[in-house]
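Shown next, in structure tokens, is the structure this report addresses.
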């Protein structure tokens with residue numbers, strides 16, 4: 001049987017995606033943009049929220065070294 005990666009693995013890609021969203025929206029805020037201001041603000045907040053959520057998940061799954069790491073299988077994170 002093929003062993004698939006844990007769900008937290010894909011949050012690493014989310015960090016990159018939300019990082020790009022924050023970068024693009026911050027650049028549009030500071031340099032001006034042809035898209036509406038409300039859309040830039042929305043993208044910025046979605047990006048920041050995504051970075052916080054995915055960053056917390058990745059931290060708890062891969063960097064925090066105790067039994068309350070956020071995973072059901074405590075043998076994975078030791």
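Consider residue 37 carefully, then state whether it is touching a helix residue (DSSP H, G or I) at 6+ places or on another chain (Cβ under 9 Å), surrounded by fewer than 14 Cβ atoms within 10 Å (Cβ to Cβ) and modelled with pLDDT under 90. Yes; evaluated as a whole, the condition is true for this residue. Considered as a group, the residues in the stretch 24-34 that are out of contact with any helix residue (DSSP H, G or I) (no Cβ under 8 Å at 6 or more places or on another chain) and assigned to a helix (DSSP H, G or I) include one that is surrounded by the most Cβ atoms within 10 Å (Cβ to Cβ), and that residue is 27.
The values are calculated or read from the model by the stated rules, or taken from the named source; none is laboratory data. The shown structure was predicted, so the numbers you read here are calculated from the model rather than taken from an experiment. Here the Cβ is made from the backbone with ideal geometry for all residues, glycine too, and neighbour counts use every protein chain on show.
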